[in-house]
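Bear in mind that the values in this text are calculations on the coordinates, not laboratory data. Keep in mind that this is a model prediction, so the values were computed, not measured. So basically every Cβ, Gly included, is an ideal-geometry build from the backbone, and we count neighbours across all protein chains shown.
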Amino acid sequence: MFRIILTIGLVAWLLSLQAQQVVRYDLYVTDTLVNLTGKIRPAIAINGRIPAPSLFFTEGDTAEIHVHNNLHHEASIHWHGLLLPNEQDGVPNLTTAPVQPHSSHVYRFPVRQSGTYWYHSHTMLQEQIGMYGAFIIHKRDAPVSAEEILLLSDWSDERPEQVERSLHYATDWYMVNKNAVQSYSEALGQGYFKTKMANEWKRMHAMDVSDVSYERFLLNGKTIEERPAYQGGDQVRLRVINGSSSTYFWLQYSGGKITVVASDGMEVEPVEVDRLIVGVSEAYDVLVTLPADDTAYEFTATAEDRTGSASMWLGRGRRMPQAPMHKLRYFEGMQMMNDMMTTGGKMIDMGMNMSLQQMDMNTVMYPEMNDIPAAIEMSADSMAEHHRHQAAGELVTLNYNMLRSPVETSLPDKPLRTLRFELTGNMNRYVWTLNNEAVSESDKILVKAGENIRIILSNNSMMRHPMHLHGHFFRVVNQHGAYSPLKTVLDIMPMETDTIEFSATERYGDWYFHCHILYHMMSGMGRIFSYEDSPPNPQIPDPGKALKKVYREDRRFYLGAEIGLESNGSDGEISIMNTRWNFGAEWRLGMNARAGYETEGHIGRFIGHNQFALLYAGWDWRYRTAGGVEENVFGQASSKDQRSVLSAGFRYTLPFFIEADLRVDHKGYVRLQFERNDIPLSSRLRLWGRLNSDLEYSVGAKYILSKYLAASTHYDSDMGFGLGLAFIY
């Protein structure tokens, strides 16, 4: 198993006596062997022992960064949030040439801004396995206050390719790992059986705030950082960057209030809060103060699904820990989501009441947020203070409507062109799109240099989506009007409708706009803004060929299979699918000629807004020696003893996730089948059943032992009872 790391060597020099200077860094991208337990060698910077590399500049510098790719495959670096020439943006084959294996690439651009930013690979899934770091720009001639960098990330011992493939096949192993299955027995035991029924009636999958089960959450590559030099009364600027692939983090501080002073690198008027959530790829600068001497205070970043956290301790002496967050009460959140989803799979738009995170969803979806915190090592004074704030309703959670720019951000006095994007997806197949189109299915959006663009974003999915625009800042239109804040990432919660605006000030090139949850972006959730009359990009000599490589990313196919080996034979299925197409085959092999065998296959295309429907064509071959003449429910003579036909059909997902499958073969024989898989009876026990118009039926169960293995049993009307194992991939 291999992991990608960055090691960093700094060679900085002054080219002239002028204030402006060229600052050079060398980044080495290296393959490093990792053992099967996922433990990385002590010299490596990913498993929590050595911080990820940070780059430091001063506004007005020229950045010259040499990336040396020692891998056997391509790499890239995108400079997140930076204003730079298009060809330096770092999206391989779209703006910048990929860094070829065993070669070097030089990024060179003027540093036109100040603030907290970061960099990461934009090549496939490299970001998940360590290719990221902080990019800090200080103001020129301004004193640098006490500050710390907190680069947050998530780490899985699985290869990211397996994580991605598993998401596309809706494995619930990650939910099993997190104790978040929300099974029928759990619903019944907690008094939410009606909620669970309503949930499945509306074809809504069990609520999960993070789709991946991660082994560790890191802060500067570690789970715990300590800064003992600070003393009581010191104020520290924390530059918090969420460099994770798919995890949101709650930020809290045991020393009191958190003052937000910048977002995505741009200053905002200071606002005091008790907590804030930082979306994937967002950055916040916050100020915290140490209340007393001889005390260490904990600043925590807790994963939104509460499965782990990372911390930085400020000060030394007696430790004052931040109270851990309570476990999620999923059924209460699911009950609220049911009320906001139609049976047809559409979210109910709540209008302005549900924009900019103004409704504190944390108290609605996650009511445990206002519970009394666990009193682990909390002083009587701090507990009493929490009770006082809670009783007064004073616990303040940051939302975008609170952010106000210190300077006017109104766009130039020109007409606005309005674009509307609905954020759409299919959770079961992990397909994420804008207006039901992936990047490869949509045309580039042409813009003219200098024009004003307004984008209205409506989230019609159950997931949050942090939408990021490359190379531009946009206004998040809020209550402050002309002083609406500038950002490069907007986290859009389920049911929200938000508006952003930007001026096309970069003059030329293609600029990516996409969801920054890595696995959402890779499935196609994005668009490309393209300036009209752009000059040829010297980094992309064959733009047509390069664009095909970009489109290839969300057209990839994923392999999945389930193979049962039981005492009555073997049942199984295997499929290869992508965003729209599915190639699948299934079989049932009996132990003797009477039980016989059958195999079916199809090539199908998913259709519809929610991809509840599949049109397909395929084959059906079967043989047995049971004898006798049977009829199906339509009065047709059954051919299931011996059949070799081509067929065409239509499959549709009904409420309760029942798959209705109607097909006809080339001899005119009709079959209607109903099937439901993976009924979660308990955290690990799954039931399934199948019935068709040939009067064939099967019922079965499996008990999940690991991600790839389950104990299984089932009864088949043709093959009888069986007991054995199921291998799941």
- Message: Can you give me the distance in nm between label points at residue 215 and residue 435, each placed 7 Å from the Cα along the Cα-to-Cβ direction?
- Response: 4.3
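So for the stretch 558-728, averaging the separation of alpha carbon pairs under 8 Å that are six or more residues apart and normalising by length, what relative contact order in percent results?
It rounds to 17 percent for the stretch 558-728.
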- Computed [θ] at 222 nm, helices only, for the chain once each DSSP H run of length n ≥ 4 contributes -39500 (n - 2.57): -2500 deg cm²/dmol
- Task: Mind jotting down the distance between the C-alpha centroids of the stretch 147-209 and the stretch 416-458, whole Å?
- Result: 27
- Hey, got a sec? Which GluC sites (Glu not before Pro) in the stretch 505-611 land in a DSSP loop and have at most 12 other Cβ atoms within 10 Å? 532
- Message: Which one, 278, 432, 261, is farthest towards the positive end of the dipole of the chain when Lys and Arg carry +1 and Asp and Glu -1 on their Cβ?
- Response: 432
- Contour minus Cα-Cα distance for residue 636 and residue 407 (0.36 nm per residue): 74.8 nm
- Item | residue 431 long-range amide H proximity, modeled H, under 5 Å | 426
- Task: Show the residues, 5+ positions off or on another chain, whose built amide H is closer than 5 Å to the amide H of residue 234.
- Result: 290
- Note on the structure: Unit-weight point scatterers at every alpha-carbon of the stretch 402-555, Debye formula, q = 0.09, 0.14, 0.15, 0.19 1/Å: log10 I(q)/I(0) is -0.30, -0.72, -0.82, -1.23
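In what order do 424, 499 fall by count of nearby beta-carbon atoms within 10 Å, going from fewest to most?
Going from least to most buried by this count: 499, 424.
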- Message: Under the 0.36 nm per residue contour assumption, what length would be gained going from the current alpha-carbon distance of residue 723 and residue 185 to full extension?
- Response: 191.3 nm
- Length gain on complete extension for the stretch residue 709 to residue 662, per 0.36 nm per residue less the alpha carbon to alpha carbon distance? 13.8 nm
- Note on the structure: For residue 222, the lysines lying under 17 Å Cα to Cα, once residues fewer than eight places off in the same chain are dropped, come out as 39
- Message: Could you work out the relative contact order of the stretch 84-180? I mean the mean sequence separation of Cα pairs under 8 Å and 6+ apart, divided by the number of residues, in percent.
- Response: 19
- Query: Between the DSSP loop rule and a limit of at most 15 other Cβ atoms within 10 Å, which trypsin sites (Lys or Arg not before Pro) in the stretch 585-694 are left?
  - Reply: 594, 667
- Please state the charge dipole magnitude for the chain, taken about the Cα centre, from unit charges on C-beta atoms (+1 on K and R, -1 on D and E), reported in debye and rounded to the nearest 20. 960
- Query: Can you give the FRET efficiency for residue 626 and residue 104, using 1/(1 + (r/R0)^6), R0 = 51 Å, r = Cβ-Cβ distance, to the nearest 0.05?
  - Reply: 0.15
- Given a Förster distance of 30 Å, the FRET efficiency implied by the Cβ-Cβ spacing of residue 507 and residue 274, rounded to the nearest 0.05, works out to 0.10
- Fewest-first ranking of 469, 725, 218, using other Cβ atoms within 10 Å as the exposure measure: 725, 469, 218
- Could you pull out every residue, at least 5 positions away or on a different chain, whose amide H is within less than 5 Å of the one on residue 263? Hs are placed 1.01 Å off N in the peptide plane, and Pro or chain starts have none. 268, 285
- Query: Can you give the net charge of the other residues whose Cβ lies under 10 Å from the Cβ of residue 689, counting K and R as +1 and D and E as -1?
  - Reply: +1
- Query: So, with +1 on the Cβ of K and R and -1 on the Cβ of D and E, and no other charges, what is the size of the charge dipole of the stretch 554-692 about its Cα centre, to the nearest 20 debye?
  - Reply: 220
- Phi angles of the stretch 308-318, converted by Karplus (6.51 cos²θ - 1.76 cosθ + 1.60, θ = phi - 60°) into ³J(HN,Hα) in whole Hz with x for Gly and Pro, give x, 7, 9, 9, 10, 9, 10, x, 9, x, 4
- Would you work out the relative contact order for the stretch 604-662, in percent, from Cα pairs under 8 angstrom that are 6 or more residues apart? 34
- From the Cα centre of the stretch 490-549 to that of the stretch 616-667, the distance in Å is 46
- Once both labels are modelled 7 Å past Cα along the beta-carbon direction, what's the residue 557-residue 533 spacing in nm? 4.5
- Neighbouring Cβ atoms within 10 Å as the yardstick, rank 223, 497 fewest first. 223, 497
